[in-house]
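Novice: First, the structure itself, so that you have it in front of you.
The values are calculated or read from the model by the stated rules, or taken from the named source; none is laboratory data. No experiment lies behind these values; they were computed from the predicted model shown. All Cβ positions, even for glycine, are placed from backbone atoms using ideal geometry, and neighbour counts span all protein chains on display. Note: areas computed on protein heavy atoms with side chains; ligands, DNA, RNA excluded. Shrake-Rupley method; radii C 1.70, N 1.55, O 1.52, S 1.80 Å.
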Amino acid sequence: MTTGAPTPTYPARPRRSRLRTYLPLGIAVWLVLEIWLLTVVAGAASGFAVFLLLVAGFVLGSVVIKRAGRRAFRNLSETLQQQQSGAAPTTGGGNGNGLMMLGGLLLMIPGLISDALGLLLLIPPVQKTVSRNAERTIDRKIREAAPGTVGDAFQQVRIHRPDGKVVQGEVIREENPTTDPGPRPPLNR
């Protein structure tokens, strides 16, 4: 039955990013490599040796996460005490805690590749390099953000005043809003 109404046209779906396209494939390849490597090591040594390696990785990872968490909490407490006393807070005390926690988490995940990556993240020069590259990438993504995206919101939040103060956010209210038509009548059927 035809009503003569035009067929609605839907906008084209936005293209998926490369990350969303290839991330599931990368995770699958990583899992297959982890299982294959565990079987190779189990064949060369023994299944019990692989089990001990996995348990040792879990214990070491939990110790690293606990230590990094304590250090982050201590740095937070010191910063809060300095702010309460009126002293200028020192910067640079909490560098690397997030990457140490990530390294500990990778150690806790069963597998030898994740253990190797976790151990690499515990090395301070590697932490500095990864941190520097991640900061540059995030800053570039925020600068390139299109209007209306999450990155644009982060860019708008950082407002620097000429006197050096940073304003976290501003609310701008219009005196005479033109988009609000006023109260609407109730819907009766």
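Novice: Distance in nm between label sites at T79 and L52, each 7 Å beyond Cα in the beta-carbon direction?
Specialist: 4.2 nm
Novice: Something else about it: Packing-wise, with mean Cβ within 10 Å as the measure, how do 97-108, 67-78, 41-52 rank, highest first? Kindly include the intermediate steps, with their values, before the conclusion.
Specialist: On the way: 97-108: 20.8, 67-78: 14.2, 41-52: 12.5.
In descending order of packing, they fall as 97-108, 67-78, 41-52.
Novice: Short version: ³J(HN,Hα) in whole Hz for each residue of region 24-33, in order, from phi by Karplus 6.51 cos²θ - 1.76 cosθ + 1.60 (θ = phi - 60°), x for Gly and Pro, what are they?
Specialist: x, 5, x, 5, 5, 5, 4, 5, 5, 5
Novice: On to the next question. How would you order 28-38, 109-119 from highest to lowest mean count of nearby Cβ atoms within 10 Å? All intermediate terms of the calculation are to be shown ahead of the outcome.
Specialist: Details: 28-38: 13.0, 109-119: 18.0.
Ranking, from highest mean packing down: 109-119, 28-38.
Novice: Once label points are set 7 Å from the Cα along Cα→Cβ at both V63 and A44, what is their separation, rounded to one decimal in nm?
Specialist: Computed distance between label sites V63 and A44 equals 2.4 nm.
Novice: What does the charge add up to near A72, with Lys and Arg as +1, Asp and Glu as -1, over the other residues with Cβ less than 14 Å from its Cβ?
Specialist: Working: positive: K66, R67, R70, R71, R74; negative: E78.
Net of charged neighbours comes to +4.
Novice: Roughly how many Å² is the accessible area per residue of region 13-89, as a whole number, for a 1.4 Å probe? Don't jump to the answer; show the numbers that get you there.
Specialist: Numbers: 6230 Å² over 77 residues.
I get 81 Å² per residue for this part.
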